[in-house]
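Worksheet: one structure, shown below.
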Amino acid sequence: MRVAIIAITANGAKLGATLKRGLQQGTLFVLEKHAAADAVPFSERLPALMARLWPDFDGFVCIMATGIVVRSIAALLQGKDQDPAVVVVDDAGRFAISLLSGHLGGANALAARCADLTGATAVITTATDVNDLPSFDMLARDNGWRIEDLSRVKVLNALLLEGRTIAVVDPTGKVAKYCGGKGNLLFLEDLEQAAQSGASGVVLVTNRLLSSGVDLERTLVLRPVDLCLGVGCNRGTTAEEIEAVVARHLAQLSLSERSIKCLASAQAKGDEVGLLAYADGKAVPLVFFSSDELNGVAVPSPPSEHAFHAIGARGVAEPAALLASNGGRLLLNKVKDGNVTLAVAQLSVT
């Protein structure tokens, strides 16, 4: 986590130096008149400094009064899934307060770390933490899952706090492990059982699209990011065509695009404008494999003479998907659709 440590007093600068030594990716910013050699001096007003630094750091530790921080960041806030962690440490180093993005942004953990480094008391106010209960947003964060509708986290966490029964459908088994027996959770095999259970809410872990009968108001959908798409395409194929092919075939498989982990292709496609643009537009990593790597993977489809003649690989989509998924399971064997060849593999979890 890239952390900006900001101090505006001489004593705060000393505390900041202690924090900087303990936070591996910490950068110390100190008001110019108090700055020492290990700090970046600043002279602008705090709101201007925060606005300048806000896009470049994952967390902020502000050694000053809480009110100053609140007024300085108010105009910068966008949402709990976008805002960085903000921790406030008082000038005497007595308290480290998790102020903003306690769960998804990691401010609770950052406050605890600051407390360890300075001898302060960590102040955590998120309801699930103070009641020694798991939180579903932290569950998603710790497992790298995407949350389908962030507003449902509040609904399900509230049910958890009220002691209401929550049905959990989770083929990964990670919810049970994370929760450790805490909360009134009922673990079931499928959504049909959940619907018939009389539970007040449902937590569903799935990469599949939902049927129209699901009560979305009381269902938190967590998306494992486990789909690796092997993509081959003719030279000059547009991003729009690739997008249409991917959307069409994932829909046919009832798989969610929100579970896409990466795209994979041959190194020869490293300069393919449409493929690069599609990956960039979806904010999905794009990985490339050499022809030798692709040829070293056993695949179900017969070799492609066209691909071998063009780039020296007997296939692209299937071997690329399997390589990217660490030898996972093919959910879609190679299909040729217009100028695009697509295969889908599910990530192998060790």
Residues of the stretch 160-185 being in contact with a strand residue (DSSP E or B) (Cβ under 8 Å, 6 or more places away or on another chain) and surrounded by fewer than 17 Cβ atoms within 10 Å (Cβ to Cβ), in sequence order, are 164, 165, 171, 172, 176, 184
Residues (open to solvent by less than 60 Å² (accessible area, probe 1.4 Å) and within 23 Å of residue 193 (Cα to Cα)) located in the stretch 146-159: 147, 152, 153, 155, 156, 157, 158, 159
Can you name the strands (runs of 3 or more DSSP E) wholly within the stretch 1-72 that have at least 2 residues being surrounded by fewer than 21 Cβ atoms within 10 Å (Cβ to Cβ), in contact with an Asp or Glu (Cβ under 8 Å, 6 or more places away or on another chain) and at pLDDT 95 or above? 40-42
For residue 96, indicate whether it is surrounded by 18 or more Cβ atoms within 10 Å (Cβ to Cβ), modelled with pLDDT of 95 or more and out of contact with any Gly (no Cβ under 8 Å at 6 or more places or on another chain). yes
Taking residue 81, is it in a loop (DSSP other than H, G, I, E, B) and modelled with pLDDT under 90? yes
The condition from (1) at pLDDT 95 or above; (2) open to solvent by 50 Å² or more (accessible area, probe 1.4 Å) that residue 255 misses is numbered (2)
List the helices (runs of 4 or more DSSP H) inside the stretch 278-334, counting only whole elements, that have at least 2 residues being touching a Cys at 6+ places or on another chain (Cβ under 7 Å), on the phi < 0 side of the Ramachandran plot and open to solvent by less than 60 Å² (accessible area, probe 1.4 Å). 317-324
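The values are calculated or read from the model by the stated rules, or taken from the named source; none is laboratory data. Note that this is a predicted model, so its numbers are computed, not measured. A quick note on method: Cβ atoms are made from the backbone with ideal geometry, for glycine too, and the neighbour counts reach across all protein chains shown. Quick note on the areas: whole protein, heavy atoms, side chains included, nothing else; ligands and nucleic acids left out. Shrake-Rupley method; radii C 1.70, N 1.55, O 1.52, S 1.80 Å.
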